[in-house]
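> Quick one: the structure is below, questions incoming.
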Amino acid sequence: MSTARNPFVWSLERHDMFQTCPRQYYFAFYGAWGGWNEQAPAQARQLYILKRLHPRQQWAAQHIGQALADLIQHARQQPDGPAETAAKQVELMRQEFRESRSGAYRRDPARIAALYEHEYRVAVPPEDWKATVDTVAVAVRQIAASPFWNAWRDLPDDAFIFPETRAGFDLRGLRVQTRPDLAVCHGGRVVVHDWTAAALPSPARRLRMGLHVLLALEQWTADPAAVQAVAWNLPLGDQETLTFDAEDLDTIREFIMDSAEEMLFPLEDPQQNLAGGGDLFDFTDNPGHCPACSFLKVCPRWKT
């Protein structure tokens, strides 16, 4: 069992999962803790493997992010950069698909891609898999055709920041994680980009982009007026630019604190972030969410 401390962290992903199904949240962030270790207890190991599953749409979104980071960092000055970047990313997806289909992730879940459809043997027609992979090339073309692209090609390399996976900020002693796909810092201004946020309903979109703005205010500027947030819907190419004033950001801060308080409530020991066996984490009120849950096969609600 892992001896590493499991600190309480707030993120929009965790909030959304807790609201959808508290028991799913428990499995992902407490039951699976330490499961990356091959010597972990069998239950933690299994939960960790299931936690690492991604449905194909989410898998494609990850590859879109990787492809665009590669393009902007290494190939934005090259005429064939978009096409070559997309082709390289698609080949990586094909490799990951083969590894996932073989079940290789079960021996090394921390490093090998794991697709939900393979673990649960979901029948997906070949043309649907192809359409999933094609979204990466389409997204790269959309960025290269966007009004931002020519401006980006002229900026120095150090204007582009790709935040680390666990990027975040501290709010009244609470660690908050949020990760825009890209931050462009130039001329005293900061523009944060999220490649998928525009597909969200308006309130959720503003919340997600507002979190990115709070990160920008901690790391790159102290002036809210100097920050813009661009929500994209790739591969459609749609985009929306949002701004936030001090009152907007205070509202988001209060939302975070209220949400964190609710998420701490089922813990056996909130001070130490200890959840016990998870019995205090309720099941979802909407069983319609269950078929798409990575933890379906281990959930007591469905085990007979």
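> Give me the compactness ratio for region 9-150, meaning the Cα radius of gyration over 2.2 N^0.38 Å.
Working it through for region 9-150, the quotient is 1.21.
> Moving on to the next point. I need the Kirkwood Rh of the chain: take the reciprocal of the average 1/r across all distinct C-alpha pairs and report it in angstrom.
20.9
> Also, quick follow-up: Where nothing but the Cβ of Lys and Arg (+1) and of Asp and Glu (-1) is charged, how large is the charge dipole of region 155-244 around its Cα centre, in debye to the nearest 20?
360
> Select from ALA231, ALA144, ALA222 the residue whose mean-square fluctuation is largest in a Gaussian network model of the chain (Cα-Cα springs shorter than 10 Å).
ALA222
> Given only helices, namely DSSP H runs of n ≥ 4 each adding -39500 (n - 2.57), what is the per-residue ellipticity at 222 nm of the chain, to the nearest 500 deg cm²/dmol?
Working: 10 runs with 128 residues, N = 304.
Calculated from helices alone, the mean residue ellipticity at 222 nm is -13500 deg cm²/dmol.
> Let's see if you can work this out: charge +1 on each Lys and Arg Cβ, -1 on each Asp and Glu Cβ, no other charges. What is the dipole magnitude of region 9-150 about its Cα centre, in debye to the nearest 20?
400
> For region 133-173 and region 26-59, what is the centre-to-centre distance using only Cα atoms, to the nearest Å?
Measuring centre to centre over Cα atoms gives 29 Å.
> Name the residue farthest towards the positive end of the dipole of the chain from the options TRP152, TRP36, ALA197, assuming +1 on Cβ of Lys and Arg, -1 on Cβ of Asp and Glu, about the Cα centre.
TRP36
> Using Cα springs under 10 Å in a Gaussian network model of the chain, which residue among ALA151, ALA199, ALA69 shows the largest mean-square fluctuation?
Looking only at ALA151, ALA199, ALA69, the largest GNM fluctuation is found for ALA151.
> Then there's this: What is the extension gain from ASP258 to ALA225, computed as 0.36 nm multiplied by their sequence separation minus the C-alpha to C-alpha distance, in nm to one decimal?
Gain in length upon complete extension: 9.3 nm.
> Report, to two decimal places, the Cα Rg of region 155-244 normalised by 2.2 N^0.38 Å (N = number of residues).
1.03
> I would also like to ask the following. Evaluate the charge dipole of the chain about its Cα centre and quote only its size in Debye, nearest 20, assuming +1 on the Cβ of each Lys and Arg and -1 on the Cβ of each Asp and Glu.
Charge dipole of the chain: 1200 debye, to the nearest 20.
> Further, regarding this structure: Where the centroid of each part is defined by its Cα atoms, how far is region 98-121 from region 212-291 in Å?
So the two Cα centres are separated by 29 Å.
> Something else: Quick one: compute the contact order of the chain, relative version, from alpha carbon pairs under 8 angstrom and 6+ residues apart, as a percent.
On the way: 421 pairs, mean separation 59.5, N = 304.
Dividing the mean separation by the residue count of the chain yields 20 percent.
Here, each number is a calculation from the coordinates, and none is a lab measurement. This is a predicted model, so every value here is computed, not measured. Cβ atoms come from the backbone with ideal geometry, glycine included; neighbour counts cover every protein chain shown.
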